[in-house]
Structure formats: C-alpha cells, structure tokens
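Novice: I'd like to ask you about the structure that follows.
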Amino acid sequence: MWPDLSRYDLMLTPQFYVLKREELPIKYAYQAKKLAPSILGELIGEGDFTYEAFQEGGSWVFVAYSLKEISEFLHSRGGSIDRVGRLYFAEQIREKLDVPLVLDDQMVLTRVNDTATIVPVRFLDGSKQLRTFDEAFRPEKGFTFKRSYDSYFDLRQTIMLAGVLSALGFIWFAEGYRYHRAVDAAEVRYEHLLDANPSLRSSYTREAAWKKYSATNTLQRKIRDGIKAVSRLTGKEIKLDTLAVDTRGYKATLFVPDTPEVHQALRNLLKKKPLKNSRLNGKRLEVSEAFQ
C-alpha cells in the first residue's frame, strides 16, 4: 500500500525512464531540455513523453518518462499522481549505490557500468551488504512534476495562473467600478450644466458653439507653437530683436553674430527643425508664418 500522506516526493527507478549522456557545449538546463526530444528520439520511439535534463560533471544527462505510465503505476499501488511534489531520478544517486539499495524482497537498486540499475536480489553475493532507502539519498536537485498527463500545467503553475487571473479579475472589477462612478459623475455634471444653460440642450446650439471655440482654440495653438519656434532659436549668442504676433501670423527678427561658427550652428538647427519662412541676412535672421 502507498503511504497515507497528503503529499510526497517521488524518485523514479530505471524501469520508468530512458536516459542518455552527452557532452555538449550548453550552459543552461532549459537549453538542454529543448534538445532532449531529438537526442532521445531513437531510444524511445513514438509516444507521449516528458523530458528533463541535468548536468553531471562535464556531461548532460537527458531523461524521458511517461506520465501516463507513472500515473497508472501509482494508482495500482493506491497512490495518486496529484499528491506528487518533487520528482527525482535514481540516476542522480548512482554515486551512492556502491552498496545496493533494497527496493523490495526481490529487487535492489545498484550501480552497473556506472549507471543506476535494478538487479534481482538472487544475482547478488549472499554476503553482500544491503542498505535501505532514507533521506540521505535525496538528491540536491529536484524537478517539478506535472499532476496530469493530459494537462499543460502542473499544480504550482496552475496556482500561479489562478492567482494572476484572480488579480486581473479584481483589477478589471475595480477599474469597471471606478469607470462607472466617473461616468455617473460626468452625467450629473452634464445635467447641471444643461440646467444652468438651457439653450445648450439644442444640438444646433452646441454645434455652433463648438465650431466657434474650436476655431479659437486652433488659432491659440498656432500662436503658442509660433512663439515656441522663435524661442528655440534664441540663446547665448542669438538674441531676439523684434516679435509681432496677431491673428494673421507672427514675424520675428533675431540678432545673429556674424561668425561662421554661429551661422553653421544656426543652419544645423534650422535644418533639424525647419521653419516655413526664414531668411538669414548677415547679422539678422527673419522668421515668419501666416496662420491663414
């Protein structure tokens, strides 16, 4: 019978996985894991397999196993794949298998040709010492175990995804509530403005007002942009002499030192941010723009 535990880690013995060692110039485990299907393909054939990779010395160990096979085995022993926490492979403890590790009355786990292997007890020397499994055999590195062979996510990933979706749902609800209140407040303010100005309830009146003030706003924007354009030209060497602005446009005259360096710098500036009408004449720069 399987231990009556809410959660347990699992170490796979060699009959549940296929492995291969390769010396490859790979730095990270995720890179090696991507190569596992092509490296193990000839050994496992067709089927639905899960892959892992871990490093031993200068080599990478590539492992493939069947979640369906493991799930069925656990179920036959009264266990459940949903209770598995971390996953380990017997190959990770091969250095500790000089003394065979007892699995049951008939089988032991030992090292053969530098690989973790299951061997019948009857093949061992009767006087050979045996060990039982304990916490000392737990490898330093464990792997995340998928809870179901028909699921794309393991339990930890599912919990994380559920947390993220819950947070997004809360944010969506909070933003929706805030937006709803803002819309209600805007509607109340809109009604107050209409009550204070009954003539604006007519769409014709509102459209006429919009056209009137829209043109004014456009003109004011052009005036501001013109003043900014002139101010960009002024500096330590270049001084503003005259500036005239009205509803028809603007016209400015700037004093420019008659030196090649200043003239070249001014030309570069005008080339980078050109004005519609600009003329440099000796020590005077004239710039203008018509709004109409």
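Novice: Restricting attention to the stretch 17-40, and to residues there that are of a type in the set (D, E, K, R) and in a helix (DSSP H, G or I), which single residue is surrounded by the most Cβ atoms within 10 Å (Cβ to Cβ)?
Specialist: 33
Novice: So, of the residues in the stretch 88-117 that are of a type in the set (A, V, I, L, M) and either free of Cβ contacts under 8 Å to residues at least 24 places away in the same chain or assigned to a strand (DSSP E or B) (or both), which turns out to be nearest to residue 43 (Cα to Cα)?
Specialist: Among residues in the stretch 88-117 that are of a type in the set (A, V, I, L, M) and either free of Cβ contacts under 8 Å to residues at least 24 places away in the same chain or assigned to a strand (DSSP E or B) (or both), the one nearest to residue 43 (Cα to Cα) is 116.
Novice: If residue 138 meets every condition in (1) of a type in the set (Lys, Arg); (2) modelled with pLDDT of 85 or more; (3) over 29 Å from residue 68 (Cα atoms); (4) surrounded by 10 or more Cβ atoms within 10 Å (Cβ to Cβ) apart from one, which number is that one?
Specialist: Checking residue 138 against (1) of a type in the set (Lys, Arg); (2) modelled with pLDDT of 85 or more; (3) over 29 Å from residue 68 (Cα atoms); (4) surrounded by 10 or more Cβ atoms within 10 Å (Cβ to Cβ), the one that fails is (3).
Novice: Out of 62, 73, I need the residue that is of a type in the set (Phe, Trp, Tyr), free of Cβ contacts under 8 Å to residues at least 60 places away in the same chain and outside any helix (DSSP H, G or I). Which one?
Specialist: Selected residue: 62, the only one of 62, 73 that is of a type in the set (Phe, Trp, Tyr), free of Cβ contacts under 8 Å to residues at least 60 places away in the same chain and outside any helix (DSSP H, G or I).
Novice: Something else now. With part of a loop (DSSP other than H, G, I, E, B) and of a type in the set (Gly, Ala, Ser) as the only criterion, which of 78, 85 stands out?
Specialist: Answer to the selection: 78.
Novice: Here is a further query. I'd like the full set of residues that are at pLDDT 80 or above and among the basic types (Lys, Arg), limited to the stretch 224-242.
Specialist: Of everything in the stretch 224-242, those that are at pLDDT 80 or above and among the basic types (Lys, Arg) turn out to be 224, 228, 239.
Novice: Could you grab me the full set of residues in the stretch 249-284 that are exposed (fewer than 11 other Cβ atoms within 10 Å of the Cβ) and either among the acidic types (Asp, Glu) or touching a Phe, Trp or Tyr at 6+ places or on another chain (Cβ under 9 Å) (or both)?
Specialist: 258, 261
The values are calculated or read from the model by the stated rules, or taken from the named source; none is laboratory data. A quick note: this is a predicted structure, and the numbers were derived from the prediction, not measured. In this analysis, Cβ positions are derived from the backbone assuming ideal geometry, glycine residues included, and neighbour counts consider all displayed protein chains.
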